[in-house]
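The values are calculated or read from the model by the stated rules, or taken from the named source; none is laboratory data. Computed from a predicted model, the values in this text were never measured in an experiment. As a convention, Cβ positions derive from the backbone with ideal geometry for all residues, glycine included, and neighbour counts pool all protein chains shown.
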Number of protein chains: 2
Amino acid sequence: MRDVAARAGVSLKTVSRVVNRESGVRQDLVAKVEQAAVDLDYRPNLTASNLRRSDQRTSTVGLLVEDVANEFFSAIHRGVEEVARVRGVAVVAASLDRDAQRERELVGALAARRVDGVIIAPTSPDQSYLESELRSGWPIVVVDREARGVDIDTVLTDNREASSRAVAHLIAHGHTRIAFIGGQEHLTTEHLRYAGYVDALTNAGIEIKPWLVRHGAADADQATRIAGELLDAASAPSAPSAIFSAQNLITMGSVRALRARSLQQRVALVGFDDFAMADLVDPAVTVMAQDARAMGRKAAELLFARMESFDEPCERHVLASHLVQRGSGEIQAESPASEKPLSR
Amino acid sequence: MRDVAARAGVSLKTVSRVVNRESGVRQDLVAKVEQAAVDLDYRPNLTASNLRRSDQRTSTVGLLVEDVANEFFSAIHRGVEEVARVRGVAVVAASLDRDAQRERELVGALAARRVDGVIIAPTSPDQSYLESELRSGWPIVVVDREARGVDIDTVLTDNREASSRAVAHLIAHGHTRIAFIGGQEHLTTEHLRYAGYVDALTNAGIEIKPWLVRHGAADADQATRIAGELLDAASAPSAPSAIFSAQNLITMGSVRALRARSLQQRVALVGFDDFAMADLVDPAVTVMAQDARAMGRKAAELLFARMESFDEPCERHVLASHLVQRGSGEIQAESPASEKPLSR
DNA sequence: CTGAAAGCGCTTACAG
DNA sequence: CTGAAAGCGCTTACAG
């Protein structure tokens, strides 16, 4: 900038005004400065400018999710980006991979870069370490999963209610032996989805059968193995006639397990989370679909709102999921009483 | 930092040394400074530090792709992140959405943030606008698609050869009426994949039939429509007996078109790019799989290498794709001569 | 409308 | 081993 000022024969301040398109600079000076900037390949340095600027904004926000390559989280990423973009704000995204320590490290890395705020799908069991950043007025929003140990803006789906509806859907198709396959137990989403499963069974007066409940499927391959164990181990009368899978990767794994045993037309399946190609599997997969992109948008809106107002009370948004019936969830339980043909 | 220095009763410089873990500070001073930092909730300001630092590194790199929510690009993102992470480097990722102007704007936005380098899957037809940034020594690597109008480090797949192999695979199964469905024509990947299609047909002495070639499918829905037109419009003897789709979204769209006509067991399909659940569709989808994550890793490695050496000649890496046979690509052409049963 | 001085939070290049 | 001064590229808060 100094070089540009020298070449244009004006002061630093005038160059600054032109670069920031402030009004009230004589037209001929504007032209001179712009010419000099072009001649010298001048690029404004945002990091220098916000060092002194009063708002201290870097026009960058952070996003921490389980895995940027998981389609659920990349859809959230996309939603955040959409809201950030219109404000000229960039998004630095990173994957936590269920590593609690990395969550803290990355928060620190984003703080060191002075991003204007951060959106987190927390993986660590406790977020009280965020206390001091929140007190300092650094905007933080939690998405998909609830934070624990700290009061914070939150965007969630109706995990418990939606799961209950999903399981009730299976019950309505005659199922009473419904397996639950869930992910990491310490995640709030898993807790709530399991609670919804219990709710639905309880409401229907169906006993919870512990041997049909499995937690801890960390990826699609583990889910395939676990679903396989459920399908193989149980003796016929106690074998599951339906599966409720609590998450997209688990659903994909369950589909593989069912197909490997040629059970996909006999054992019903409803999965939490939609995924690409769910409509093309045979039978097509019935899912409880969250609008991940909308969650990302909402989280970003909360984040930007928070930048304007430190001391408003925390907000908590719950987005509704909806059941997408595609076939796998409408398979009737095999029983003498039920004689409807397989739907679809 | 000034406050920390005051509270610890030392100079700014000493705090700086402690914060940066430089050796040669007396143990008692280190302890005092660390205590003061904790008391005051001190966070180092990376943006301030690299303003003065000689290397001027922000420990952040940029990544510009078509869409962060497309699984091909989010896998690249993940690969870049893996390499960046071990260096303590953050990744700011953004979507171009085929908007050439946005490509330039985002490059400018990243330049203003002084990221240490940027990886681009270019969408605009010409990258000569990057000339001045490259001259200034700003590391840029291009991934997936070639840059035009500028000499630059590049990571690609063997688009042409791989496409040729994919189409040859269909020819080997008796097909001569093979449709090509491609995306945006100005993308180098599309050019090359079409060229590979032409190569394979030419090598086999099969004439290119213009009515079987369609460019410009911009998303899965358009691909469904285009594939449908191809399947419907042609009169029986000239209808395609196989489809080569040049990209993941197009493949998904083509699967939908085939299924809507119950042709999925009769018309063969090979797609470029693998995708989740391709193994669970019926028939499972044969694809020419690129290792997107490896491409991202390689691009990041080139980028970091470039930061060390401005004037080395540009490198160009071509990663091999491999055919994953799953069923849809092994459907034999229907002809009296061919009596093999459907494979799988 | 334009500019000279001070300062953002840190590091460099020195001196002690 | 420690620190006082200058400066990174810009903006603020003035004065003219």
So, in segment A:1-17, how many residues would count as being part of a loop (DSSP other than H, G, I, E, B) and more than 26 Å from A:Val89 (Cα to Cα)?
3
For the structure I just gave you, tell me whether A:His169 is closer than 19 Å to A:Ile331 by Cβ, modelled with pLDDT of 95 or more and surrounded by 22 or more Cβ atoms within 10 Å (Cβ to Cβ).
no
Spot the failing condition for A:Ala278; the list is (1) within 11 Å of chain B (Cβ to nearest Cβ); (2) surrounded by fewer than 21 Cβ atoms within 10 Å (Cβ to Cβ); (3) among the small types (Gly, Ala, Ser), and only one is missed.
(2)
Name every residue in segment A:253-268 that is more than 14 Å from B:Asp282 (Cβ to Cβ) and outside any helix (DSSP H, G or I), in order of residue number.
A:Arg261, A:Leu263, A:Arg266, A:Val267, A:Ala268
Before we move on, is B:Leu40 at pLDDT below 95 and under 25 Å from B:Ile119 (Cβ atoms)?
no
For A:Gln184, are the conditions met, namely being under 21 Å from B:Met277 (Cβ atoms) and either in contact (Cβ under 8 Å) with a residue 60 or more places away in the chain or out of contact with any His (no Cβ under 7 Å at 6 or more places or on another chain) (or both)?
no
Is at least one residue of segment A:9-16 near DNA strand D (Cβ under 9 Å from one of its atoms) and within 12 Å of chain B (Cβ to nearest Cβ)?
no
Count of segment A:120-138 residues which are within 14 Å of chain B (Cβ to nearest Cβ) and on the phi < 0 side of the Ramachandran plot:
9
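So is A:Gly196 of a type in the set (Gly, Ala, Ser) and touching a residue at least 60 places away in the same chain (Cβ under 8 Å) or not?
no
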Looking at segment B:207-232, I want the residues that are without any contact (Cβ under 8 Å) to a residue 24 or more places away in the chain and have a partner that is assigned to a helix (DSSP H, G or I) with Cβ atoms under 7 Å, at least 6 apart or on another chain. Which pairs are those?
B:Ile208/B:Val198; B:Ile208/B:Leu201
Where residues in segment A:184-214 are in a helix (DSSP H, G or I) and polar (S, T, N, Q), which of them is surrounded by the most Cβ atoms within 10 Å (Cβ to Cβ)?
A:Thr189
Of those in segment B:215-265 that are more than 28 Å from the chain's Cα centre (by Cα) and among the polar types (S, T, N, Q), the residue surrounded by the most Cβ atoms within 10 Å (Cβ to Cβ) is B:Gln264
Out of (1) away from DNA strand D (no atom under 12 Å from the Cβ); (2) more than 8 Å from every other protein chain (Cβ to nearest Cβ), what's the single condition that is false for B:Lys32?
(1)
Given the conditions (1) within 24 Å of A:Val255 (Cβ to Cβ); (2) more than 14 Å from chain A (Cβ to nearest Cβ); (3) within 23 Å of the chain's Cα centre (by Cα), report the number of the one that B:Asp273 does not fulfil.
(2)
Being free of Cβ contacts under 8 Å to residues at least 60 places away in the same chain and small (Gly, Ala, Ser) is the requirement here; does B:Ser262 meet it?
yes
Give me a count of the residues in segment B:71-97 that are at the interface with another protein chain (Cβ under 8 Å from one of its Cβ atoms), surrounded by fewer than 23 Cβ atoms within 10 Å (Cβ to Cβ) and either at pLDDT below 95 or over 15 Å from the mean Cα position of the chain (by Cα) (or both).
3
